[in-house]
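For reference, the structure is listed below as structure tokens.
The values are calculated or read from the model by the stated rules, or taken from the named source; none is laboratory data. A quick note: this is a predicted structure, and the numbers were derived from the prediction, not measured. Here the Cβ is made from the backbone with ideal geometry for all residues, glycine too, and neighbour counts use every protein chain on show. Heads up: the accessible areas ignore ligands, DNA and RNA and are worked out on the full protein's heavy atoms, side chains in. Shrake-Rupley method; radii C 1.70, N 1.55, O 1.52, S 1.80 Å.
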Amino acid sequence: MARRALHITAFAILLTSLPLLAIADPEDSYADLAARVVPAKLRQALKLLPCLTADTGPGEVKPLRVSLLEAREQLDVFSFAFPNRIRDAEPLASAEVLTTWGRVKAAIGELLRAIVDWINKHVIDTGVRGLGRDLWLDMRADLDEGYEVLGDFQDLDHSLVEYNQTDMEVKRAVCLDWQRRISRHSATDRYLEFVSTPLHSDELYTHKHSSKLFWGYNGVTPDTALTGLQNLALMMRSSQLAQLLAWYPNVTALQPDDLLQDPGHTTFHKFRKLIRSILAVLAEFPELLGPGRKEPHTRVAERLFHDLGQTNDKVFAYQFYSSRGAEWAAEAEEAHQQAAEGWSDNLDFMASAQVDVMARCIAATLPRGEQPLPQRRRRHM
């Protein structure tokens, strides 16, 4: 009963913390949309953290995991709006100080700045948290880690494998360790304050290791001369949908056994994630497709994403049983056959639904901005 109460509480918090979906003002800038969406998504995810406890089961983490995904996705969509260097080292004394001790402190300040620059260049990619780091990157890494470890835990339930108490406790312990870290980091580094700080519509920033699922393809970046919605349409049309069409022939050429190991499984998984990312943008900004157009254009994508997820669960089950040795060979083979049947059904659906045609239709429906007027654009690398 206690576990069921926690599960119900998690869904209640999720529902009550959801902001009303407000249609974006057509004149809102990219930064304006970021300020409206990202703080609300992050606040929602942080509210759900206490729902993860030492008694939580793998089937009870979905609300938290969904909230982490939504916060991470919108952080990626609006990555260019958030500063990429914060907490730079400050000199310990002004260079104008003429005393010997003042000059020593000034020299120490210069040395400290040089050390920070070296860390940014050579060490920051290892996850070291220090002065001068990119707080956007730290925050995204925490959200991403949570999404992944909760996913590993949740898969025990989704894939319907026969797991034992030890399987559950080991994976849950990893989730609880992550929970302690993000709780500490979000408080110490004031994550909500960072994303709630006023943004500047004429400034764009780049970040290391930002997701390719949104702005990462074909060199597409936001343009401050466009409105927020025009920028999102640009991203979807020229990055996301263009990449989906580029990958589509290789995905449909995969054989069932290709899904069980790399590189085939990675190709399959990235394709599914790209569909999810496209749906995430349309779910948050339905006005991109205009009144009455969202449902017919996205119904196929939603069905495909769901069905690919079912196949992926069978692939997980196969890998889970295969790793347990010969005594689980029968279960592994059954999961193998189910994955193959699922992929055959997926291919049939993609052919009948003409997924490539669907992608082109969505691209054609997206708004196109007028020729941008010349505008000063400051870009921070």
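Write out the GluC sites (Glu not before Pro) in the stretch 133-199 meeting two conditions: DSSP loop, and at most 15 other Cβ atoms within 10 Å of their Cβ.
Glu162
So, with a 1.4 angstrom probe, what is the percent of accessible area on the stretch 167-286 that is carbon and sulfur?
C and S atoms contribute 52 percent here.
Throw me the Rg/Rh for the stretch 130-253, computed over C-alpha atoms with Kirkwood Rh, two decimals.
Ratio value, two decimals: 1.07.
In µm²/s, what is D for the stretch 188-260 at 10 °C and 1.306 mPa s, where D = kT/(6 pi eta Rh) by Stokes-Einstein and Rh is the Kirkwood radius from Cα pairs?
Diffusion coefficient, whole number: 105 µm²/s.
Alpha carbon centre of the stretch 25-39 versus the stretch 303-355: separation in Å?
If we compute the Cα centre of each part, the gap is 40 Å.
Under the definition of Cα pairs under 8 Å and six or more residues apart, what whole-number percent is the relative contact order of the stretch 243-370?
RCO, the stretch 243-370: 29 percent.
Write down the radius of gyration of the stretch 218-269 and its Dmax, each obtained from C-alpha positions, in Å.
Taking only Cα atoms of the stretch 218-269, I get Rg and Dmax of 15.4, 48 Å.
Which entries of Lys41/Lys273; Lys208/Lys314; Lys41/Lys270; Lys47/Lys212; Lys62/Lys273; Lys171/Lys270 have Cα-Cα distances beyond 22 Å here?
Lys208/Lys314; Lys41/Lys270; Lys47/Lys212; Lys171/Lys270
Along the stretch 55-70, what does the Karplus equation 6.51 cos²θ - 1.76 cosθ + 1.60 (θ = phi - 60°) give for ³J(HN,Hα), rounded to whole Hz, x for Gly and Pro?
My calculation for the stretch 55-70 gives 9, 5, x, x, x, 10, 9, 4, x, 5, 5, 4, 5, 5, 4, 5 Hz in order.
Name the residues whose placed amide hydrogens come within less than 5 Å of the amide hydrogen of Ser29, ignoring near sequence neighbours (fewer than 5 apart) on the same chain.
Placed amide hydrogens put Gly228 under 5 Å from Ser29.
Would you give the gap between the C-alpha center of the stretch 142-156 and the C-alpha center of the stretch 243-274, rounded to a whole Å?
22 Å
Among His269, His185, His158, what's the order by accessible area (1.4 angstrom probe), most exposed first?
Sorted by accessible area, descending: His158, His269, His185.
Cβ under 12 Å from Leu143's Cβ, Leu143 left aside: what net charge do those residues give with Lys, Arg +1 and Asp, Glu -1?
-3
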